[in-house]
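Laboratory data are not the source of any read-out in this text; all were calculated from the coordinates shown. If you're wondering where the values come from, they're calculated on a predicted model, not measured in any experiment. Cβ atoms come from the backbone with ideal geometry, glycine included; neighbour counts cover every protein chain shown.
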Amino acid sequence: MKRTLHTFESDVPREKIGQPGLDYQVLECEVGSHEAYAFIDRLIFARDIVYLEGQRGSLDFWKHDQSLWTELTSANIWATSEVSHDEARAIIEMLDRGEGFGTHIPTTTREWDAYALLGTESAVQDAAI
């Protein structure tokens, strides 16, 4: 699975914002699910993002108000939700195994905070917080 980590600095002068190496760094590499999960703890600032790309979809993870959030994109579903660390681990492992996702957060009975079913002839379903 491909992992991309975008980390941002907190004390960059206004004129340096948006400049690679000064305002932010981008680190890319191939990782397994356990290695990918370790990067969740590197999310510190609001703009920090971990992007994971697997065979059947991609994930973004970020923190907002100290809560962990994810956005999932695959051929069948787009979804976003606040998730626990255990839920994040399950989601990453599913992506790594190439499994498909449904309308519920893996290992739970909880629906995603927002989702849309894609690539089907049935009506697109949306759920909001």
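Observations, loosely collected:
- Stretch gain in nm, segment Arg110-Thr73, where the contour uses 0.36 nm per residue and the Cα spacing is subtracted: 11.5 nm
- Cut-off 14 Å between beta-carbons: net charge of the residues surrounding Leu95, Lys and Arg +1, Asp and Glu -1: -4
- Among residues other than Leu43 with Cβ under 11 Å from its Cβ, the summed charge is 0 (Lys and Arg +1, Asp and Glu -1).
- For His34, net neighbour charge (Lys/Arg +1, Asp/Glu -1) across residues whose Cβ lies under 11 Å away: -2
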